[in-house]
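First comes the structure, then the notes that go with it.
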Amino acid sequence: MYLSNLLNKFFRVAFLLTLFLNLNQCGLYKKTDAREVPVNAKERAQKNIEEGRSIKLFGKKGGSGTFEFASSNEMWRAAIDILDFVPLTSADYGGGIVITDWYSDSGEINESVKIMVQFLSNEIRADGLKVVVYDRLCENNNLNNCQTQTNQSSLSEEIKLAILKKASVYKNITLKKKAEEYRKKKPIKNKKVKSNNE
């Protein structure tokens, strides 16, 4: 009995000590000057992002403070736009995969396709994207008695090409917007344009 109480107290103290050390590494007890910390929560969050602050676990710093969201990735947006005719089963930006539900354009239950798009890179390149189309063939309108196989037609390559084309259009639009914003911030002053006659 005495030994179990002693072990119980030891584990409690060890747990509290470990918890204290981990919280101390997160910077919860770091002294700060109230004059340097913005009062407004939005300003404080913006300052943390600019400084690249994040949680430290065991002395390792987390993220850099810069994030890329799905709306800024042209390949992702293009894939979602191209596949908007079919319901999606899974769309995981973090995992880089989009999977559609079984779909049949003819309305037949016996034959349907499922499309899987896997992103291997954020760059708009043919090898940065993998598209697989699956066929499902069912017998006698029985969805419990179906065979699934990979579609061997050119459909996956057509979808891949359509996604790449749409992504390049989105990329061009983004680059044009960035160029316009840059020109507004830093307009060209007193620069003479040479004509072809000179």
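Just so it is clear, none of the values below were taken in a lab; they were calculated from the coordinates. These numbers were taken from a predicted model, which means no experiment stands behind them. Because the Cβ atoms are built from the backbone with ideal geometry, glycine has one as well, and the counts that use them run over all protein chains shown.
Worth a mention:
- Quotient of the Cα radius of gyration of the range 70-184 and 2.2 N^0.38 Å, N being its number of residues: 1.26.
- Residue-span extension gain [GLU181 to LEU155] - 0.36 nm each, minus C-alpha spacing: 5.4 nm
- Legend: calculated FRET efficiency, ASN122 to ILE188, from the Cβ-Cβ distance at R0 = 25 Å, rounded to 0.05, equals 0.20.
- With a threshold of 26 Å on the Cα-Cα distance, the over-threshold entries among LYS130/LYS176; LYS165/LYS186; LYS160/LYS185; LYS114/LYS160; LYS114/LYS178 are LYS130/LYS176; LYS165/LYS186; LYS160/LYS185; LYS114/LYS178.
- Cut-off 16 Å, label 7 Å out along Cα→Cβ of THR89, residues of the range 108-134 by amide N: 110-118, 131-134
- Residues ASN142 and VAL169, FRET efficiency given R0 of 35 Å [Cβ-Cβ distance, rounded to 0.05]: 0.25
- Restricting the range 75-171 to chymotrypsin sites (Phe, Trp or Tyr not before Pro) that sit in a DSSP loop and have at most 16 other Cβ atoms within 10 Å of their own Cβ leaves PHE85, TYR93.
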